[in-house]
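Everything on this sheet refers to the single structure shown next.
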Amino acid sequence: MVSSVSETSASSYAQAWEKTSTDIYDESASNARDIGQIRLNYSRLSVITTLSENEKEDWFKFNVVSRGKLRLSAVNLSSKEEDTDKTTASDATDALEDAKDDYQAAIDSFKGKGLRVEVYTYVNNRQTLVATNDESERKEYAAFEQLMRGEYEVPNSEKGWYYIHVTTESGDPVDEDTLYALQLQMGDTYKHDYLTQEQSIDHTKVTEGDIALAKAEEAMSNVATSASVLSGQGAASILSAGYTNMATIQSMQGKDKTSQLFNLLI
């Protein structure tokens, strides 16, 4: 993932910042894109992105560093009649503001496209569902409504990393581009306004070889962050997984992908 941050403007109310990120293949909580840090009456985080044709999920993460009432606004911009190719950040912000006033309409617009929103955190090192717009999960659906109303209480004991998973109800990829926006805020005011705009990648031509290569690159990237992982059986397991992926790539796409993966392993 490539990202950059730049100061965009400052209003009388908040300092505004913009970050760009690039969508990836083989998404999971482990490679979720970081959209920032949430602090009471300090920061607001927004994301504008697309679930692209033939893509089935996006993962984002944010870090809650203070207690307070958390709001999540989630809007399906593709549910509107206007041309989404011309949708601006301002349009998305307006839609997110509307969602604060009519959260049920925002929930319905996501479900109307067959999209599911899930919020996770880790409890005792286990990924735990906190909230979802799936009504079959009664407790978590109630929590999702609280989030959309801005009434979800985060105590000190539950501070830390949270993960937003946007996917399809069926588990199948979407058949057309679906533009949507997310926004997070804790408290009634904010001093810093952060916007992440994500660049899409073409999922219509993705192959099993591309996914295998993405997995190998992710594994090797994780290894590079901790030299201790390279000792003993850990390194052997990673190399074994890499060579397994290399065989998959070779069967799918031939020598070019194999060479790329081999370069990762030596």
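The values are calculated or read from the model by the stated rules, or taken from the named source; none is laboratory data. Just so we're clear, the structure is a prediction, and the values are computed from it rather than from any experiment. All Cβ positions, even for glycine, are placed from backbone atoms using ideal geometry, and neighbour counts span all protein chains on display.
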task = For segment 23-52, name all the residues that are surrounded by 20 or more Cβ atoms within 10 Å (Cβ to Cβ) and among the aliphatic types (A, V, I, L, M).
result = A32, I35, I38, L45, V47, I48, L51
inquiry  = Whether any residue in segment 133-142 is surrounded by 15 or more Cβ atoms within 10 Å (Cβ to Cβ) and of a type in the set (A, V, I, L, M) is what I want to check.
reply    = no
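Conditions (1) assigned by TED's automatic domain parsing to the domain that holds S30; (2) surrounded by fewer than 22 Cβ atoms within 10 Å (Cβ to Cβ); (3) not hydroxyl-bearing (S, T, Y), marked per residue:
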| position | (1), (2), (3) |
| --- | --- |
| I164 | yes, no, yes |
| P173 | yes, yes, yes |
| A181 | yes, no, yes |
| D188 | yes, yes, yes |
| Y194 | yes, no, no |
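Hey, any hits in segment 185-205 for a residue that's over 30 Å from W17 (Cβ atoms) and modelled with pLDDT under 95? Step through it out loud before you land on a result.
Step one: list which residues in segment 185-205 are over 30 Å from W17 (Cβ atoms), which gives 204-205.
From what is left, the residues that are modelled with pLDDT under 95 are 204-205.
Yes.
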message = So the check is Cβ under 9 Å with 6+ separation or different chains; which pairs have a first residue in segment 176-188 that's closer than 9 Å to I48 by Cα and free of Cβ contacts under 8 Å to residues at least 24 places away in the same chain and a second one that's in a loop (DSSP other than H, G, I, E, B) and of a type in the set (D, E)?
response = none
message = Take the conditions of a type outside the set (D, E, K, R), touching a strand residue (DSSP E or B) at 6+ places or on another chain (Cβ under 6 Å) and modelled with pLDDT of 90 or more and apply them to T132. Does it pass?
response = yes
ask   = Are there any pairs, at least 6 apart or on different chains, whose C-beta atoms fall under 8 Å, with the first in segment 53-70 and surrounded by 16 or more Cβ atoms within 10 Å (Cβ to Cβ) and the second part of a strand (DSSP E or B) and small (G, A, S), and if so, which?
value = F62/G36; V64/G160
note = Residue hits (segment 146-181; closer than 17 Å to V75 by Cβ and among the aromatic types (F, W, Y)) are Y180
ask   = Counting only residues that are touching a residue at least 60 places away in the same chain (Cβ under 8 Å) and of a type in the set (G, A, S), which one in segment 115-161 is farthest from A32 (Cα to Cα)?
value = G150
Strands (runs of 3 or more DSSP E) fully within segment 12-76 counting 2 or more residues that are at pLDDT 90 or above and not assigned by TED's automatic domain parsing to the domain that holds A92 = none
